[in-house]
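Working notes for the structure below.
No value in this document is a laboratory result; all are computed from the given coordinates. Owing to the predicted nature of the structure, the values given are computational and were not obtained by experimental measurement. No Cβ is skipped: glycine too gets one built from the backbone with ideal geometry, and neighbour counts run over all protein chains shown.
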Ligand SMILES: [Zn+2]
């Protein structure tokens with residue numbers, strides 16, 4: 001039986017404890033905990049950390065994954081001061097994930113151009129590529145030491161930056177140990193940049209260790225984060241691709257928006273029904 005997870009991003013209208021309560025109530029096996037406001041803006045430490053872990057266990061949601069903070073928190077920052085600062089932030093989330101027994105930490109490799117001062121400068125893609133390698137050399141040994149795996153996510157930006165797709169990410173992760181570095185496929189990101197999600201899953205292959213299952217419109221996809229089967233993606237193809245590569249990681253749903261004005265509770269409940277129908 002596969003583990004079925006739900007991101008706390010589905011409950012951005014409440015704090016992390018209320019979000020985790022709702023995920024447990026909807027019948028999920030595990031949660032992906034968002035490492036930024038309104039959830040964990042700072043990783044808890046000391047007694048607060050022990051309490052957090054105990055509350056996760058009491059809900060039956062231990063294990064699971066942590067989503068490192070988004071926005072400027074990337075490994076591929078094209079300025080060295082920015083890169084070093086974020087390596088420190090991401091290292092804290094790796095240690096936090098290990099402390100709560102999470103297996104994987106999702107990290108965005110590359111910045112959205114909207115955060116890059118010299119976004120269109122011709123040297124920027126190479127600066128980002130160099131920074132990604134340097135940051136992995138900093139962070140992968142720490143992940144191995146504390147016993148978590150970094151998962152790099154495909155991103156939907158329309159720009160000439162490297163490492164946005166699984167085709168580029170797979171050779172990036174290959175030289176590093178598989179138990180410390182893997183890949184997470186975001187199905188909606190793939191199609192927003194007009195890459196077939198199933199082909200991206202095949203490209204990630206044996207290094208795929210996580211999923212962000214979300215639907216987008218077929219025409220003019222806009223990273224919609226609809227509930228899977230409420231948009232235009234071909235879920236039979238996506239599931240077949242995951243079976244084809246022998247995927248054994250969690251099926252994590254990253255549903256943010258209701259097509260039909262569903263409440264967050266309704267979205268989680270209907271998502272769980274979809275997962276039941278798929279007989280994962
Ligand atoms: Zn995602």
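FRET efficiency for the pair residue 37 and residue 219, taken as 1/(1 + (r/R0)^6) with r the Cβ-Cβ distance and R0 = 30 Å, rounds to 0.35. Using Cα springs under 10 Å in a Gaussian network model of the chain, which residue among 73, 234, 154 shows the largest mean-square fluctuation? Per the Cα network of the chain with a 10 Å cutoff, 234 tops the list.
The alpha-carbon positions of the range 4-278 define a convex hull whose volume is 116 Å³ per residue. The label point for residue 279 and the one for residue 59, both projected 7 Å from the Cα toward the Cβ, are 3.1 nm apart. The ranking of 206, 2 from fewest to most other beta carbons within 10 Å of each one's beta carbon is 206, 2. Summarising the strand pairing of the chain, around 5 percent of its internal DSSP beta bridges are antiparallel.
Residue separation of residue 229 and residue 13 scaled by 0.36 nm, minus their Cα-Cα distance, works out to 75.4 nm of gained length.
Only helical runs count toward this figure. For the chain, summing -39,500 (n - 2.57) over DSSP H runs of n ≥ 4 and dividing by all residues gives -12500 deg cm²/dmol at 222 nm.
When the chain is treated as a Gaussian network with alpha carbon springs shorter than 10 Å, the biggest mean-square fluctuation among 244, 261, 57 belongs to 261. The calculated FRET efficiency for the pair residue 158 and residue 92, based on their C-beta separation and a Förster distance of 25 Å, comes to about 0.20. Here the label points at residue 244 and residue 260, each 7 Å from Cα along the C-beta direction, are separated by 3.2 nm in the simple model. Residues considered: 58, 135, 193. Largest GNM mean-square fluctuation over the chain, using C-alpha springs under 10 Å, is found at 58.
The slack in the chain from residue 25 to residue 178, taken as 0.36 nm per residue of separation less the alpha-carbon distance, amounts to 51.8 nm.
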